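Below is one structure, written out as structure tokens; comments come after it.
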Amino acid sequence: MPQKIVAGNWKMNLCLDEGVDLIRSIEASSLPSDVKVMVFPPALFVDAAKKTSSSKCLVGVQNFNAAEKGAFTGEVSIKQVKSAGASIGLIGHSERRELFNETNAILKDKVDAAIENNFQFIFCCGEPLEVREAGTEIEFVRNQLEESLFHLASDQMRDGIIAYEPIWAIGTGRTASSEQAEDMHREIRAMLSEKYTNDIAESISILYGGSCKSANAKELFACPNVNGGLIGGAALDATSFCAIIDSF
Ligand code: PGA
């Protein structure tokens, strides 16, 4: 069975004291023990986040550079974020793709860097509205996975996590219906099974992201192929984030 996961992507929100308070509140809540909780603060706050959290709350980064080190002003490497306490990173969030021109080729390099550095990742995929309206979302997502992720060997893929985040649902308040989410998640699992093995497909967590909140999490998480959520706006407040975790 895939691990149940609820991950909070803070994006460029919260200042240091607010982030620390948020983690303290999450830590103080009684949460289901079978759900893995993750927070993705700005890289600058990883050290403080790690020092505030116990094993209950895994700390990750929203982005990293695939290069090992060097003249890359403003960037951070995996070694650096690991040394500050991050154990997982997002790869290919749609905001990175759209606002920072991260192509499938760039994301493939990040996937390879993560593997080389023994750094767990959540690979994000998802289609824009025009693709959904054209009815070609499955091909679109397949292409994202094939060009950036599916070159991995089976043993490298085993610890990967995938997040399906339809762009039209991110930050818009327009959530995918549980049927739309389940349909895509089932397709992604079928792609994994076709490319790798049934065993791998059945063990990889596939998270849903896009306006997931406490009011709709229960229905989304009840879908057989939805193993949790990557939460943006609703992860900035401990009460709403913990209510999402509790929805399992
Ligand atoms: P949202 O963001 O929950 O605010 O829609 C999700 C995400 O971008 O990961």
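Table for the structure above
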| read-out | value |
| --- | --- |
| Helical mean residue ellipticity (222 nm; -39500 (n - 2.57) per DSSP H run of 4+; nearest 500) of the chain | -12500 deg cm²/dmol |
| Counted charge near GLU18, where neighbours are those whose Cβ lies closer than 11 Å (Asp, Glu -1; Lys, Arg +1) | -2 |
| FRET efficiency for LYS56 and ALA134, using Cβ-Cβ distance with R0 set to 45 Å, rounded to 0.05 | 0.60 |
| Mean-position separation - Cα centroids, region 126-145 and region 7-53, in angstrom | 32 Å |
| Neighbour net charge for PHE121 - beta-carbon separation under 10 angstrom, K R +1, D E -1 | 0 |
| Inverse of mean 1/r across different Cα pairs in region 157-213, Kirkwood, Å | 11.9 Å |
| With every protein chain in place, the chain: carbon and sulfur % of accessible area (1.4 Å) | 50 percent |
| Amide proton proximity set for SER205, modelled H, under 5 Å, gap of 5+ | GLN3, ILE162 |
| Calculated P(r) of region 1-56 - Cα pairs past 20 Å, % | 22 percent |
| Sequence-separation-based contact order of the chain, relative, with Cα cut under 8 Å and 6+ spacing, percent | 22 percent |
| Difference of contour (0.36 nm per residue) and Cα-Cα distance, GLU98 to GLN120 | 5.6 nm |
| The chain - Rg and Dmax from Cα coordinates, angstrom | 16.8, 47 |
| Quotient of Cα Rg and 2.2 N^0.38 Å for region 67-199, N being how many residues it contains | 1.09 |
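The values are calculated or read from the model by the stated rules, or taken from the named source; none is laboratory data. Remember, predicted model here, so these are calculated numbers, not experimental data. No Cβ is skipped: glycine too gets one built from the backbone with ideal geometry, and neighbour counts run over all protein chains shown. Keep in mind that these areas ignore ligands, DNA and RNA; they rest on the heavy atoms of the full protein, side chains included. Shrake-Rupley method; radii C 1.70, N 1.55, O 1.52, S 1.80 Å.
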